[in-house]
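Below is one structure, written out as structure tokens; comments come after it.
The values are calculated or read from the model by the stated rules, or taken from the named source; none is laboratory data. The model shown is predicted, which means the values in this text are computed figures rather than measured ones. Every residue, glycine as well, gets a Cβ built from its backbone with ideal geometry; the counts of neighbours run over all protein chains shown. Surface accessibility is based on the protein's heavy atoms, side chains included, excluding ligands, DNA and RNA. Shrake-Rupley method; radii C 1.70, N 1.55, O 1.52, S 1.80 Å.
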Amino acid sequence: MNMTTKPTNFVLFGATGDLSKRMLLPSLFYLDCDGLLPENLAIVGAARSSLNHEDFIALAHKSLADRSETIDEKAWKRFSARLHYSPVDVGAASGFEALGALLDEIHPGGDHLFYLSLSPDFYTPVCAGLQAAGLATAGSRIIVEKPIGHDLESCRTINASLLSAFSEDRVFRIDHYLGKETVQNLLALRFANILFEPLWNKAHIDHVEITVFETVGVEGRWGYYDDYGALRDMVQNHVLQLLCLVALEAPAKLDADAVRDEKVKVLRSLKPITGHDVLTQTVRGQYADGAIEGHDVPGYAREAGGKPSDTESFVALRAEIENWRWSGVPFYLRTGKRMGKRLTEIVVQFRAVPHSVFGGDGKNDLIPNRLTITLQPEEQVSLALMNKTPGLTEQGWRMNTLSLNLSLTDAFKTHRRRIAYEQLLLDALGGNPTLFVRGDETEAAWRWIDGIAAGWKQTRMKPEPYWAGSDGPDRAESFWCKGQPK
Ligand code: BG6
């Protein structure tokens with residue numbers, strides 16, 4: 001493995017937070033179990049809480065115990081020996097100085113990899129604090145979580161702060177969807193098979209649907225979420241990344257610039273949805289009280305103690321990409337919380353055959369091919385094909401649809417389903433930014449999102465209520481293409 005052997009401190013800001021406990025510490029541990037962490041890597045938790053070293057070790061142990069019943073004792077011994085803790089209030093210089101002193105003690109002259117599992121409001125102060133304390137050294141890197149800002153302007157401010165302390169190739173902007181096996185598999189499916197690419201264009205594809213539905217609500221994150229809503233929390237990043245991978249041109253090779261150049265071109269080709277267009281090209285929704293899997297769940301406003309809010313927890317959009325490959329092909333995007341089922345799925349709806357040789361008496365109407373790539377909860381690719389229904393043909397042929405199914409979950413049963421962060425952390429440690437979002441990409445995405453947000457404001461478009469446990473607001477039903485090509 002091409003991984004630096006220089007002593008490195010992995011500094012986790014927000015170490016006591018939810019993401020750290022649920023995803024980051026377990027991911028680091030699993031990488032360690034597989035022998036993928038460099039020997040001389042120290043993991044330093046940094047957060048406002050005044051924990052001591054033992055408290056942090058106990059917190060890390062609990063976060064692993066909460067995920068799995070058994071913890072390999074030998075692996076834990078090695079992992080826990082890497083752990084350190086430094087209380088840091090990111091608003092005060094003294095915290096960074098104390099952190100610097102600890103890092104120097106652990107690995108004098110070592111490199112640092114900073115992970116900011118914090119609200120984006122803290123990115124600028126943390127960059128300033130690291131710089132002032134002399135920690136943003138030439139060999140160090142920084143990882144930041146999405147969303148990068150709240151709009152284009154704040155995104156630019158954050159990017160400028162990051163770049164004032166680290167060069168672009170040392171900034172790793174995480175979109176954890178890019179760490180998911182099935183999301184990476186989109187590139188494999190498109191570019192490792194000859195079948196799809198010749199058909200992958202407006203001549204043969206009628207429309208594309210991208211769905212990211214969750215059953216969870218905003219839970220304990222109301223404060224953050226109410227300021228962002230589904231458009232900024234999910235569409236700006238995860239949903240647009242999926243769209244990019246479906247729509248991009250073949251990169252010359254799988255390297256960071258080649259892939260990200262192609263993604264930026266897609267984002268810059270998105271037709272703006274602005275002003276009154278939002279009334280016809282978008283749907284906003286907010287969940288009301290309802291039931292999921294037989295359990296009553298409170299509506300969005302009730303989750304915050306009855307505080308009224310105009311924030312959307314559901315969005316559906318009709319996007320268009322203005323380039324030669326995709327001009328005129330709608331990309332239907334939708335995402336929502338508290339939906340009836342958890343589902344992340346991409347549907348590529350092909351056009352109808354130009355002429356049916358089987359007659360058109362209604363019995364033999366051909367249903368156009370449909371490629372469905374399911375990412376969550378199961379990993380599956382299926383292709384709906386027309387077939388002849390077995391039987392005698394004296395009254396003509398009967399046709400029906402059958403699916404070719406490729407279940408990745410079954411095909412790779414023996415493989416542990418990894419946490420998306422494992423791949424991303426490994427890449428950041430190894431300095432490979434291909435699966436991270438470049439600064440210009442974040443800005444291109446925000447430019448398009450800002451147009452929609454401004455349109456909603458201008459037209460005073462409020463979210464429509466939908467029952468928790470449903471498929472979204474009524475209007476989303478008619479808005480969503482039902483898969484019947486024109
Ligand atoms: C996060 C969003 O980025 O992604 C959350 O902030 C959302 O609101 C989550 O729940 C969904 O991720 P996953 O991996 O569960 O689909």
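Miscellaneous remarks
- Region 469-486, subset open to solvent by 20 Å² or more (accessible area, probe 1.4 Å) and assigned to a loop (DSSP other than H, G, I, E, B), residue modelled with the lowest pLDDT: LYS486
- Across region 217-252, the number of residues qualifying as within 10 Å of the ligand (Cβ to nearest atom) and among the β-branched types (Val, Ile, Thr) comes to 1.
- Pairs are defined by a Cβ separation below 7 Å, a sequence spacing of at least 6 or placement on different chains, a first member in region 353-376 that is more than 16 Å from ASN400 (Cα to Cα) and at pLDDT 90 or above, and a second member that is of a type in the set (Lys, Arg) and part of a loop (DSSP other than H, G, I, E, B); the pairs so defined are LEU375/LYS180; GLN376/ARG342.
- Residue match in region 450-460 (condition: at pLDDT 95 or above and part of a loop (DSSP other than H, G, I, E, B)): yes
- Residue within region 241-252 that is of a type in the set (D, E, K, R) and surrounded by 18 or more Cβ atoms within 10 Å (Cβ to Cβ) present: no
- Members of region 186-198 found to be closer than 19 Å to GLU379 by Cα and either within 15 Å of the ligand (Cβ to nearest atom) or of a type in the set (A, V, I, L, M) (or both), listed by number: LEU186, LEU187, ALA188, LEU189, ALA192
- Residue among ASP310, ASP296 that alone is more than 16 Å from the ligand (Cβ to nearest atom) and within 25 Å of the chain's Cα centre (by Cα): ASP310
- Test: residue in region 391-398 that is over 30 Å from ASP226 (Cα atoms), touching a Lys or Arg at 6+ places or on another chain (Cβ under 8 Å), surrounded by fewer than 18 Cβ atoms within 10 Å (Cβ to Cβ) and free of Cβ contacts under 8 Å to residues at least 12 places away in the same chain: yes
- Pairing residues of region 164-183 that are touching a residue at least 40 places away in the same chain (Cβ under 8 Å) and within 16 Å of the ligand (Cβ to nearest atom) with residues that are part of a helix (DSSP H, G or I) and open to solvent by 40 Å² or more (accessible area, probe 1.4 Å), at Cβ distances under 9 Å and at least 6 apart in sequence or on separate chains, gives HIS176/MET23; LEU178/GLN184; LEU178/GLN423; GLY179/GLN423; LYS180/GLN423; GLU181/GLN423.
- Residue within region 73-83 that is open to solvent by less than 40 Å² (accessible area, probe 1.4 Å), modelled with pLDDT under 95, touching a strand residue (DSSP E or B) at 6+ places or on another chain (Cβ under 6 Å) and at negative phi present: no
- The set of residues from region 112-158 being surrounded by fewer than 18 Cβ atoms within 10 Å (Cβ to Cβ), outside any helix (DSSP H, G or I) and not hydrophobic (A, V, I, L, M, F, W, C) comprises SER119, GLY134, THR137, GLY139, ASP151.
- The listed residues are ASP66, ASP55, and the only one of them that is out of contact with any Ser or Thr (no Cβ under 9 Å at 6 or more places or on another chain) and of a type in the set (D, E, K, R) turns out to be ASP66.
- Given (1) closer than 23 Å to LEU41 by Cβ; (2) open to solvent by 20 Å² or more (accessible area, probe 1.4 Å); (3) in a helix (DSSP H, G or I), index of the condition GLY109 fails: (3)
- Some residue of region 199-214 being in contact (Cβ under 8 Å) with a residue 40 or more places away in the chain, within 16 Å of the ligand (Cβ to nearest atom) and open to solvent by 10 Å² or more (accessible area, probe 1.4 Å): yes
- Residue match in region 460-468 (condition: open to solvent by less than 30 Å² (accessible area, probe 1.4 Å) and either closer than 30 Å to PHE350 by Cβ or of a type in the set (Ser, Thr, Tyr) (or both)): yes
- Options ALA230, ALA165, ALA188: the member that is loosely packed, with under 14 Cβ neighbours inside 10 Å and either modelled with pLDDT of 95 or more or under 20 Å from the mean Cα position of the chain (by Cα) (or both): ALA188
- Listed by position, the strands (runs of 3 or more DSSP E) contained in region 208-327 that have at least 1 residues being more than 25 Å from ARG438 (Cβ to Cβ) and acidic (Asp, Glu) are 295-297.
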